[in-house]
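Heads up: the structure comes next, in structure tokens.
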Amino acid sequence: MLNADALSQLRQLKTDINDNKVVLSGTVKATNGRFGFVVLDEGRDVFLPPEEMQKVLPGDRVNVTEQEGDKGKIQGVVDELLDSSLSTFVGRYLIKGKGHFVVPETPGINRWIFIPPKERMNAEQDDFIYCRILKHPIKDGKGQATILKVLGKPGDTGIERALTLATFDLQDAWPDAVRQQAETLSEADIEANSADREDRTALPYVTIDSPGTQDMDDALLAEPNATGWKLSIAIADPTAVIKPASAAESEAYRRATAIYFPGEPRPMLPDSLSTRLCSLMPEVKRLVLVCDLQVNNDGSLGEYSFHKATIQSKGKLSYELVSNLIEGREDDGIKALPDTVSNSLDQLHQAATALRKWRGEHALLSADRPEFRLRLDENKRVRLIEPSVQNEAHRLVEECMVAANRCAADFLRQQPKGLFIQHPGLRDDRADNIRALLEGYAADLSSVDATSAEGFRELMKRTERLDAEVPVKAIISRQLSRAELAFEAAPHQGMGLAAYTTFTSPLRKFSDFYVHRLIKAALWQEPMGEMTTDQLAQLQTTQIRARQAANSLESWLKCDFAKMLGSDPMTGVISRTVPAGFFVRLDANGLEGFVSCRTLEGKYGFDPVTLRLTHNKNGRIFQLEQAVTVTFAEVDEERKQINFNLVNADETPAGESPDTESTEA
């Protein structure tokens with residue numbers, strides 16, 4: 001038995017060891033295996049072996065110490081849990097003997113988590129369930145969870161959407177306060193807010209949308225004048241009936257954007273507002289914020305002004321009908337249009353053509369890329385993927401929206417408060433690669449400063465039809481930064497504009513809704529609550545998460561559809577390349593699938609400058625925009641990824657799919 005002195009010495013030794021050990025802080029990063037890493041705040045990664053990963057969850061903030069493992073490899077030991085951001089997740093219910101568990105669908109949680117008897121909500125084997133962490137595994141590696149909601153069974157109608165909502169922590173139901181607020185608003189509120197507005201109900205404004213669109217938030221009108229056209233863009237004005245800081249505005253901020261899930265969107269505002277009371281329905285008085293602007297004959301913008309008004313749309317027109325009118329095709333719907341509407345549409349087309357010509361010469365236009373529409377069956381699964389043709393009517397509306405948004409950005413630049421969309425062009429970490437690309441394959445452009453707004457615009461224009469060994473513009477386009485919301489104006493390099501914002505979709509995007517508040521506060525001193533820097537960052541995060549949710553559901557539905565592709569060869573183009581292989585986008589339906597280098601004969605090296613894969617012996621090359629022929633191989637259920645085989649390639653066993661997510665160029 002140790003005496004008091006010995007015990008005191010041991011305690012002091014333990015204290016000395018704790019005082020001298022180097023504790024490092026970082027964030028847990030999971031992998032597809034049982035091991036993981038801690039990304040240290042100082043920038044490097046520390047390996048976490050499986051026994052340590054059992055104690056943590058993806059995204060945990062932890063303190064770790066480093067020690068030498070069995071084979072001499074330095075590895076981390078979790079010392080302390082600082083914070084855990086992962087509280088909810090989805091998974092499948094598993095009964096194993098007397099134990100009840102959830103098998104998480106969330107990437108990186110590679111273990112079963114025990115569900116205590118009182119937390120099971122009568123779930124059954126294989127049910128999809130929405131759970132919350134009840135006990136963190138930090139102490140003994142054995143976590144516990146509680147079921148918040150039983151989502152349904154595999155194969156249930158709409159289970160894909162329900163699971164996606166739960167995965168991304170998105171609520172479908174409206175809070176009671178929002179529902180009650182929406183129910184109290186009526187046509188009487190339109191009349192009450194009309195008194196101090198311009199009455200433009202007699203003018204031939206029309207909406208141009210897809211036939212199924214109900215949340216119509218823009219109506220257009222144009223008339224010629226001595227120097228070009230007067231263009232009038234009327235935007236739905238939900239801020240007129242939704243009070244600042246009210247429940248509906250707060251919920252719109254929390255949702256950030258409408259999410260257009262296939263078959264069943266998740267709106268930003270309740271349907272009674274977004275598709276009825278605030279929607280610019282035909283022959284109904286509606287409140288709008290109007291941008292009147294001068295479009296000069298050369299497509300440049302002249303003076304502009306904003307107005308609060310009421311309008312009464314003279315027609316809900318489809319893109320197809322307006323395109324038929326523009327191109328002179330016969331259409332019974334065209335014959336039924338009043339002359340005032342037909343004349344306005346003709347002037348709109350002329351003004352939009354001039355606007356597009358100016359942007360093509362002085363800014364940047366987005367390349368037309370084939371788009372596809374998912375058609376769902378009664379079970380909410382894809383029955384058909386069909387092309388969504390972009391016609392002259394789509395371009396007409398696009399040019400009108402861009403012009404109005406440019407005016408809004410110019411106006412807000414002159415105010416003490418604004419909200420803008422910035423786009424910094426190239427990613428900072430890819431600048432050296434782009435410089436090497438130009439020096440090797442476009443020497444005439446190697447002196448262009450691609451990091452400046454002017455240089456980036458010049459680079460994108462001159463590479464449009466560049467005849468080079470590699471697709472220079474496509475390579476550059478794969479290495480651009482993400483657009484960002486900001487309170488200060490800065491160039492939108494992707495559009496080639498000095499400043500840009502959007503206010504034309506206030507029924508669908510909170511940032512546009514907020515720009516309405518800013519314009520009306522500046523011009524008419526209307527009250528508003530100002531966003532803080534933290535709130536703006538959260539809005540941006542929520543927008544990104546909404547896009548991820550929409551993409552996730554689409555990927556799931558497309559994967560199920562791909563299983564019906566059969567074995568026939570299909571043509572496509574290479575859309576992305578990574579060290580482990582390349583993605584192919586099919587010509588017929590836009591589906592993207594992965595071709596693994598493991599299924600090809602020999603070994604391939606990846607060039608981060610050209611984004612090429614090159615065979616190490618015979619020199620065979622795969623690069624962006626290259627036409628290839630593939631067949632369907634399988635669906636990687638874990639990643640929700642379609643896999644293809646290259647036609648005429650020597651096939652080898654595919655094995656496990658590579659981690660394409662972490663190596664994407």
Report summary line: Sole miss for A123 among (1) of a type in the set (A, V, I, L, M, F, W, C); (2) open to solvent by 30 Å² or more (accessible area, probe 1.4 Å); (3) modelled with pLDDT of 90 or more; (4) more than 29 Å from the chain's Cα centre (by Cα) is condition (2)
Report task. Take segment 108-138 and flag every residue that is within 15 Å of V56 (Cβ to Cβ) and without any contact (Cβ under 8 Å) to a residue 24 or more places away in the chain. Result -> K135
Query raised in the report: If you take just the helices (runs of 4 or more DSSP H) that sit entirely in segment 452-530, which of them hold at least 2 residues that are touching a strand residue (DSSP E or B) at 6+ places or on another chain (Cβ under 8 Å) and either farther than 26 Å from A252 by Cβ or not hydroxyl-bearing (S, T, Y) (or both)?
Result: 510-524
Query raised in the report: Of everything in segment 17-33 that's open to solvent by 70 Å² or more (accessible area, probe 1.4 Å) and not basic (K, R), which residue is modelled with the lowest pLDDT?
Result: I17
Query raised in the report: Considering only segment 367-382, how many residues are among the basic types (K, R), touching a helix residue (DSSP H, G or I) at 6+ places or on another chain (Cβ under 8 Å) and under 16 Å from L591 (Cα atoms)?
Result: 1
Requested in this report: State whether one or more residues within segment 469-484 are open to solvent by 40 Å² or more (accessible area, probe 1.4 Å), more than 22 Å from L611 (Cα to Cα) and either at pLDDT 95 or above or in contact with a Leu (Cβ under 6 Å, 6 or more places away or on another chain) (or both).
Outcome: yes
Report summary line: Scanning segment 93-113 residue by residue, those assigned to a strand (DSSP E or B), open to solvent by 30 Å² or more (accessible area, probe 1.4 Å) and out of contact with any Phe, Trp or Tyr (no Cβ under 6 Å at 6 or more places or on another chain) turn out to be I95, K96, H100
Query raised in the report: Based on what the data block shows, is L518 over 30 Å from V382 (Cβ atoms), within 15 Å of the chain's Cα centre (by Cα) and modelled with pLDDT of 95 or more?
Result: no
Report task. Any residue in segment 408-423 that's within 23 Å of P527 (Cβ to Cβ): show its pairings with residues that are open to solvent by 40 Å² or more (accessible area, probe 1.4 Å) and in a loop (DSSP other than H, G, I, E, B) at Cβ separation under 6 Å, as long as the two are six or more apart or on different chains. Result -> R413/A489; F420/A489
Query - Residue that is most open to solvent (accessible area, probe 1.4 Å) [pool: residues in segment 527-546 that are without any contact (Cβ under 8 Å) to a residue 40 or more places away in the chain and not aliphatic (A, V, I, L, M)] - result: D534
Query - helices (runs of 4 or more DSSP H) contained entirely in segment 144-240, each with at least 3 residues that are closer than 27 Å to L57 by Cα - result: 159-167
**Report entry** Hits in segment 53-72 (condition: assigned to a loop (DSSP other than H, G, I, E, B) and surrounded by 10 or more Cβ atoms within 10 Å (Cβ to Cβ))
**Finding:** Q54, K55, V56, L57, P58, G59, D60, G69
Query raised in the report: Take the residues of segment 621-638 that are part of a loop (DSSP other than H, G, I, E, B) and at pLDDT 95 or above: which is most open to solvent (accessible area, probe 1.4 Å)?
Result: E625
Query - Output for segment 498-526, where each listed residue is free of Cβ contacts under 8 Å to residues at least 60 places away in the same chain and polar (S, T, N, Q) - result: Q525
Query - Residue list for segment 547-594, restricted to those being closer than 13 Å to L646 by Cα and either surrounded by 14 or more Cβ atoms within 10 Å (Cβ to Cβ) or under 21 Å from the mean Cα position of the chain (by Cα) (or both) - result: M570, G572, V573, I574, G581, F582, F583, V584, R585, L586, G593, F594
Report task. Evaluate the following for V288: is it in contact (Cβ under 8 Å) with a residue 60 or more places away in the chain, closer than 23 Å to L523 by Cβ and open to solvent by less than 10 Å² (accessible area, probe 1.4 Å)? Result -> yes
Report task. Would you check which residues across segment 79-88 are assigned to a strand (DSSP E or B) and either modelled with pLDDT of 95 or more or open to solvent by 40 Å² or more (accessible area, probe 1.4 Å) (or both) and list them? Result -> D79, E80, L81, L82, D83
Query raised in the report: How many of the residues in segment 127-155 are on the phi > 0 side of the Ramachandran plot and at pLDDT below 95?
Result: 2
Query raised in the report: Are any residues in segment 335-360 charged (D, E, K, R) and either part of a loop (DSSP other than H, G, I, E, B) or in contact with a Lys or Arg (Cβ under 9 Å, 6 or more places away or on another chain) (or both), and if so, which ones?
Result: R356
Query - Residue, most open to solvent (accessible area, probe 1.4 Å), within segment 162-175, restricted to residues that are farther than 21 Å from L376 by Cα and of a type outside the set (A, V, I, L, M, F, W, C) - result: Q171
Query raised in the report: Is there a residue in segment 181-189 that is open to solvent by 10 Å² or more (accessible area, probe 1.4 Å) and out of contact with any helix residue (DSSP H, G or I) (no Cβ under 9 Å at 6 or more places or on another chain)?
Result: yes
Query - Condition check for T310: under 30 Å from L480 (Cα atoms) and modelled with pLDDT of 95 or more - result: no
Query raised in the report: Which one is farthest from L337 (Cα to Cα) among residues in segment 204-238 that are open to solvent by 10 Å² or more (accessible area, probe 1.4 Å) and under 26 Å from the mean Cα position of the chain (by Cα)?
Result: D215
**Report entry** Close pairs (7 angstrom Cβ cut-off, 6 or more residues apart or separate chains): of a type outside the set (S, T, Y) in segment 428-441, open to solvent by 100 Å² or more (accessible area, probe 1.4 Å) anywhere
**Finding:** none
Query raised in the report: Would you pick out the residues in segment 129-161 that are touching a Phe, Trp or Tyr at 6+ places or on another chain (Cβ under 6 Å) and open to solvent by 40 Å² or more (accessible area, probe 1.4 Å)?
Result: Q144, L148, K149
**Report entry** Any chance Y500 is of a type outside the set (A, V, I, L, M, F, W, C), more than 30 Å from R517 (Cβ to Cβ) and crowded, with 16+ Cβ neighbours inside 10 Å
**Finding:** no
Requested in this report: Would you please list the contacts, defined by Cβ atoms under 6 Å and residues six or more apart or on different chains, that run from a residue in segment 313-332 that is hydroxyl-bearing (S, T, Y) to a residue that is surrounded by fewer than 21 Cβ atoms within 10 Å (Cβ to Cβ) and in a helix (DSSP H, G or I)?
Outcome: Y319/H394; S323/E392
Query - Residues being among the basic types (K, R) and surrounded by fewer than 16 Cβ atoms within 10 Å (Cβ to Cβ) - total across segment 291-335 - result: 2
Requested in this report: With respect to V56, determine if the residue is in contact with a strand residue (DSSP E or B) (Cβ under 7 Å, 6 or more places away or on another chain) and farther than 20 Å from V150 by Cα.
Outcome: yes
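The values are calculated or read from the model by the stated rules, or taken from the named source; none is laboratory data. Computed from a predicted structure; not experimentally measured. Quick reminder, even Gly has a Cβ in these numbers, built from the backbone with ideal geometry, and neighbours come from all protein chains shown. When the accessible area is computed, the model is the full protein with side chains, heavy atoms only, and any ligands, DNA or RNA have been set aside. Shrake-Rupley method; radii C 1.70, N 1.55, O 1.52, S 1.80 Å.
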